[in-house]
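Peer 1: Take a look at this one; I'll ask things after.
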Amino acid sequence: MDPRRASRTVSDPKIRQVGFFAPPSDRSFSGPPDPISTSTSTPNPVTTTANTSSPPPISDLSPSGNSLSPVMIPPPRHSSDTTHRPVPFPPVSPLRRDTLSLTVGSYNNNNNIIISSSPTASFYEESKGITVKASSVPASGLTTVSVVKTLPPGFTETIVEKVGGSVEMQNDLPANSKPLKERTSKAERRALQEAQRAAKAAAKAEGSKLPATTSGAVASANAKPTKATKPSSQKNDSATVASSEKKGGDRPPEKDRKKDAPHPRMQYDDKSRVEKAKRRAVVKQTEARNRVELFRHLPQYEHGTQLPDLESKFFQLDPVHPVVYKVGLQYISGDISGGNARCIAMLQAFQEAIKDYSTPDEKTLTRDLTAKINSYVSFLNECRPLSISMGNAIRFLKNRIAKLPLTLSESEAKAFLQSDIEQFINEKIILADKVIVKHAVTKIRDGDVLLTYGSSSAVEMILLHAHELGKQFRVVIVDSRPKLEGQLLLRRLVGKGLSCTYANINAVSYIMHEVTRVFLGASSVLSNGTVYSRVGTACVAMVAHEFRVPVLVCCEAYKFHERVQLDSICSNELGDPDAISKVPGREDINYLDGCTNSENLQLLNLIYDATPSDYVSMIVTDYGMVPPTSVPVIVREYCRDQVWI
Amino acid sequence: MWWRSASFILDHRLQEDPPNNIASSSKEPDTLSTLSPPQTHSSFMAAADPFNPIPNPKISAYYQTRAAHTAVVTSDWLAQAQAAVGHHPDDSPAPQTQLLASPSASGKSFCVINEFNNWRKQPDLAEAVAAIRALAAVIRASEATTMMELEIELKKASDSLKSWDTTSISLTAGCDLFMRYVTRTSALEYEDFNSARSRLIERAEKFGEISCKARRIIAMLSQDFIFDGCTILVHGFSRVVLEVLKTAAQNKKLFRVFCTEGRPDRTGLRLSNELAKLDVPVKLLIDSAVAYTMDEVDMVFVGADGVVESGGIINMMGTYQIALVAHSMNKPVYVAAESYKFARLYPLDQKDMAPALRPMDFGVPIPSKVEVERSARDYTPPQYLTLLFTDLGVLTPSVVSDELIQLYL
């Protein structure tokens, strides 16, 4: 905080520009020989394949960059088909076949529009025949619960099915890959294009590195082709340059855009990337059988299978540092949960790993360590998708590594980084919480009834502190299945002598009329004021808004993110579907026991949801109490460039 | 945010047509630019002697000042109220110690509160501007030899000013903003003391000047929103709103004004009086007739005691309900407020702020068993406001918080 303020206040107050203005182009980042870009984008032995295959515009500074999150997608339908076939499913089969053929019909129509210009019409015809054949198998992957039963083939459904269908096709018929490629969705085509481009650039970079190994700066596999081609020949790259020019248009130059554009997340329905990621994966995840259609872009795994496997691998020689490995296992098992706890655990593991790190021969610390951290991050991401706060912390750390002065010796650099991490944990998490508590307590008056949902560490601290101050208030803890985290909070609060009421989320509209304040925690707060938090938060906030009860969201500023999200679909995390189908200890209500494997049942256990900013009265952060409309200001002023401290 | 003040509009206008406009604008603000406080003592002010600045802690001093400046019939019943309540013997020591603290350091007879009170007597000078002037005088009178000393002295002075009246939002905000604006530069630490001190004085003066001009700037900015033939509803007496309407009348705009009565101190009567002098058609309403007349109204203009971080305003009681009625009938609600009223407060609801109490006069004796709501102001949430006219420009409510964040963090 201090260096930043100093830079702003060094002289007399200046004229500040408001509204839209073009920033000086060289202000927000350093020039080409920047150690960041060189160190992070140079292909290095550890992550060679990863880097070359990753899409160009993503810098490795981004922790949740898609190249880092490998998954395993098993051949999707074979196993499920075989497991399913014995299950008798025919009762509705005539009807089903009817609707299916209808879907197929519209599917074909749909494709005709896309494909009509394709030269490989014969292939297409062939594949169409196959489609029909496949769909005549009673329980093919094309069926979904909602679609097949009720609908005439609506347009959107058919699109969804198309994607599913094409996955199917390719697995069934590898020989048909060429025409099928034509029919891949736009995102897939684009991904493929980008992958090819990256590969090309990488190849060239390798070539140019041989003569000039000293100028490692230019050998960036991750950079866009335009950048990579600068020193080397232009000959075979004109096409890609042209295309990127066309795409770029009149937008600011490459680096600007790279900085401005939010990096795309890994889309798990993008099979080419998923395949690549799978090859590198340490954690062997098994794909869930009945994936929810709408959430195909998110990783959906079988839960509870990886832990024994990983535990047995603990003593194998592995690129992952044992401390990081341990933290990863704790993520999987759920021993560490909650945004702050996960982030602190990760940072401390990195601290430990940095302590044990020594630079191999013929490598520089900044590059090699960044690569190491990348591999750790990808491992942790396999264990459980990273939260946004962890992403910010990783960005901070990588930024720190990249900005290390070259004159430092290795031990000095390591000590430097460790103290940086320590400082981040202290200032941005622990101290920030204290400040939040200090602010939020002023909003608690005697006689208040405070409602909280789930278990948020910040809210817990606020309640305890208010109790210590002797304020007279009552707490309503609203909780929900399957995690029932509120019970833990309840236990701790009751232990401290607070008077509490415990209710399930079903009762929230009943209990809300007596509530005077709602305190909520958040996993992240996004640039449009959307609060990304434990699923159910949006519901509580909405009910509170309807009852005109002020909703206070407590969130440390390091969890703020410049992304904008409008719904909880495009980015989310899926939990164990069994958790919602089974109630442990209640044999009498396990109605779903036999059906969880059936094809037309898809269990959706979302972990997060997005609360629109309309329902939030105030966001309490370490920078004070701000309205949700001011989140972009904080992101712009304090979270820019991940300076943080 | 101060250095971004839209005062250029005013300067520009003055340069453009000096002959007629300066004549009109220099009629009243001449007294504003004088640096020595005028020595006029109104009879009411004499009653509140500076060494016991808060004669009755239950009544907001801010509203006393306002009453002295703006109300039609005030002094007599205020005096009665004071006499009725009497003095609390135990509230005098606190202000006295503060008063002793600030001047005794320099051993001089200079006192912020005195200075402030002198400035405050000018009916045209807002309380916050008086405080800013007083604080500037502190710097000038200071005999400190180091920056730290000066800063501490300034801090003490501003604290004593703030504690003089904790209910006044603009006073607190003005003091805070002054401190931020004047002392926030690390460059001060590298200069030698004298140049740093003169820089501070220079800034303090600039700040005072901007604050003084603010009202004119707002009046200029708001002219685009007043169109011919419109009907404007105003609530209470706000000097900024009066300035806006006065400027509009001078610009030969045709409009009429509905004034609410503004119980209990009937500030609306005073405003209607002023407007009638300007030959603006005025209609006076009782406060409860707002919804009845709202369909005739084109826009609502209100002032503000304070603009809070959410973008909402704290203003005289009744503003909230007017805003609600206007919102439900889709009429725009415009707020005219100088930027020294931007306060770091974030009320969540009406009861979430320190209440400013004032005496209520119902005309008849109230039985002792009947409770009287005596709060003087309410909070209007930002969703019911359309635009804020400030000397920083015309802002939407959400920008207020952005400005505050930039300034304070």
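None of the figures in this text is laboratory data; all of them are computed from the coordinates on show. Bear in mind the structure is a predicted one, so any value in this text is a computation, not a measurement. Reconstructed Cβ throughout: ideal geometry from the backbone, glycine too, with neighbour counts over all protein chains shown.
Peer 1: Using the structure shown, select from B:Lys252/B:Lys341; A:Lys355/A:Lys438; B:Lys206/B:Lys253; B:Lys155/B:Lys351; A:Lys271/A:Lys326; B:Lys121/B:Lys341 the pairs with a Cα to Cα distance greater than 28 angstrom.
Peer 2: Flagged as over cut-off: B:Lys252/B:Lys341; A:Lys355/A:Lys438; B:Lys206/B:Lys253; B:Lys155/B:Lys351; A:Lys271/A:Lys326.
Peer 1: Just order A:544-553, B:350-359 by mean Cβ neighbour count inside 10 Å, highest at the front, would you?
Peer 2: A:544-553, B:350-359
Peer 1: Within 10 Å of each Cβ in A:625-635, how many Cβ atoms from other chains are there, averaged over the peptide? Kindly include the intermediate steps, with their values, before the conclusion.
Peer 2: Details: counts 7, 8, 12, 3, 10, 11, 0, 1, 9, 4, 0.
Taking all residues of A:625-635 together, the mean is 6.
Peer 1: Just counting partner chain Cβ atoms within 10 Å, what average do the residues of peptide B:304-314 show around their Cβ?
Peer 2: Taking all residues of B:304-314 together, the mean is 2.
Peer 1: Could you compute how fast region A:555-645 diffuses translationally, taking Rh as the Kirkwood radius over C-alpha pairs and applying Stokes-Einstein at 20 °C with viscosity 1.002 mPa s? Give it in µm² per second.
Peer 2: In µm²/s, the coefficient is 129.
Peer 1: May I ask you to order B:388-396, A:467-475 by the average number of other C-beta atoms within 10 Å around their residues, highest value first?
Peer 2: B:388-396, A:467-475
Peer 1: Please give the net charge around A:Met625, taking every other residue with its beta carbon less than 12 angstrom from that of A:Met625, where Lys and Arg add +1 and Asp and Glu add -1. Show your work: numbers first, answer last.
Peer 2: Details: positive: A:Lys438, A:Lys443, B:Arg344; negative: A:Asp622, B:Glu309, B:Asp352.
Net charge in that neighbourhood comes out at 0.
Peer 1: Apply the Karplus parameterisation 6.51 cos²θ - 1.76 cosθ + 1.60, with θ equal to phi minus 60°, to every residue of region A:419-431 and state each ³J(HN,Hα) to the nearest whole Hz, in sequence, with x for glycine and proline.
Peer 2: 5, 4, 4, 4, 5, 4, 4, 5, 7, 8, 10, 6, 5
Peer 1: Further question on the same structure: Given R₀ = 25 Å, what would the calculated FRET efficiency be for A:Arg492 paired with A:Glu514, taking r from the Cβ atoms and rounding to 0.05?
Peer 2: The computed FRET efficiency comes out at 0.65.
Peer 1: Rounded to the nearest 5, what % of the DSSP beta bridges within region A:437-541 are antiparallel ones?
Peer 2: On the way: 2 of 17 bridges.
Within region A:437-541, antiparallel bridges account for around 10 percent of the total.
Peer 1: Mind checking the mean number of beta-carbon atoms from other chains within 10 Å of the Cβ atoms in B:399-405?
Peer 2: Neighbouring Cβ atoms belonging to other protein chains average 6 per residue here.
Peer 1: If we count other beta carbons within 10 Å of each Cβ, what is the order of A:Glu599, B:Glu205, B:Glu309, B:Glu338, fewest first?
Peer 2: Ascending number of Cβ neighbours within 10 Å: B:Glu205, A:Glu599, B:Glu309, B:Glu338.
Peer 1: If R0 is 22 Å, what FRET efficiency do you get for A:Glu427 and B:Asp349 from their C-beta distance, rounded to 0.05?
Peer 2: Efficiency for this residue pair is about 0.10.
Peer 1: Rank the residues B:Glu403, A:Glu362, A:Glu427 as a footprinting-exposure proxy: fewest other Cβ atoms within 10 Å of their Cβ go first.
Peer 2: A:Glu362, A:Glu427, B:Glu403
Peer 1: Shifting gears a bit: If each residue's Cβ is checked for other Cβ atoms within 10 Å, how do A:Cys343, B:Cys111 rank with the fewest at the top?
Peer 2: B:Cys111, A:Cys343
Peer 1: Cut-off 15 Å, label point 7 angstrom out along Cα-to-Cβ of A:Ile580: give me the residues of region A:481-517 whose amide nitrogen falls inside.
Peer 2: Answer for this model: A:481-484, A:505-506.
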